[in-house]
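Comments concern the structure below.
Bear in mind that the values in this text are calculations on the coordinates, not laboratory data. For clarity, every value in this text was computed on a predicted model and none was experimentally measured. Cβ coordinates were reconstructed from backbone atoms using ideal geometry, including for glycine residues, and neighbour counts include every protein chain displayed.
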């Protein structure tokens, strides 16, 4: 795996890239996490398909945003990733997006990026209004951290458990990733979403002909799965959104074998 840093107008974007054939798969992580959250998928795809795992601005090994108000929102992240991919001459790609990363993936469709397919999980496609946000998410303690610039130790632990699963942080790595995240990235992202910045992602999935796979953990504590299932999709890969039993907001790690099987089937059909 090759790790590089790409200079963009938003700041330096860190990526980890593997070899492989076919259309590249771009991986976009959840709020306050990093590309390392996709380790089970990177291992499954190693030497099978070119993987480009990205750290969003203000996260992981990427730099903090040069202009936080410009970058720390869904369209800002999408533009930063689009710019980074252009710099390494990737024009056509599939996106795997987890939670926040899924929203960025849908925004890239709206921006007209060269998206050949998208698989999202933990990502309810919502209208960009406060009412839209409320319809897609379940309010509760698991969501309290989302827009907070500073997190307590208990909140850091909660983020890790939610985003990568109960047993993922034995060495404290993901806790350090959450603590490293620029707090303004959380604060400004939520402020922008509540202000209606970005595309109407419900309308995106109702109109785009880009192939779309929607996968969720059956026990996701923060996503309203009934809402996700009720939407009208223009080009859904399966006849309805998929639910993985025994998984929460991190099915890619909690049920990685089943998740990877779905991902590989989607990639083979999109390609």
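Quick rundown of the values:
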| read-out | value |
| --- | --- |
| In region 234-271, the residues that are touching a residue at least 12 places away in the same chain (Cβ under 8 Å), part of a loop (DSSP other than H, G, I, E, B) and within 10 Å of residue 213 (Cα to Cα) | 235, 237, 238, 241 |
| Residue selected from region 144-164 under the condition assigned to a loop (DSSP other than H, G, I, E, B) and within 23 Å of residue 254 (Cβ to Cβ), by the criterion farthest from the chain's Cα centre (by Cα) | 151 |
| Those strands (runs of 3 or more DSSP E) lying entirely in region 14-133 with at least 2 residues over 15 Å from the mean Cα position of the chain (by Cα) and over 17 Å from residue 192 (Cα atoms) | 21-28, 49-54 |
| Check on residue 104, buried (at least 20 other Cβ atoms within 10 Å of the Cβ), in contact with a helix residue (DSSP H, G or I) (Cβ under 6 Å, 6 or more places away or on another chain) and over 28 Å from residue 127 (Cα atoms) | no |
| Qualifying residue in region 117-133 (condition: at positive phi and surrounded by fewer than 17 Cβ atoms within 10 Å (Cβ to Cβ)) | no |
| Residue, nearest to residue 76 (Cα to Cα), within region 12-40, restricted to residues that are surrounded by 21 or more Cβ atoms within 10 Å (Cβ to Cβ) and out of contact with any strand residue (DSSP E or B) (no Cβ under 9 Å at 6 or more places or on another chain) | 31 |
| Options 178, 204; residue that is within 21 Å of residue 58 (Cα to Cα) and part of a helix (DSSP H, G or I) | 178 |
| Test: residue in region 89-97 that is free of Cβ contacts under 8 Å to residues at least 24 places away in the same chain, over 20 Å from residue 213 (Cα atoms) and either in contact with a helix residue (DSSP H, G or I) (Cβ under 6 Å, 6 or more places away or on another chain) or surrounded by fewer than 20 Cβ atoms within 10 Å (Cβ to Cβ) (or both) | yes |
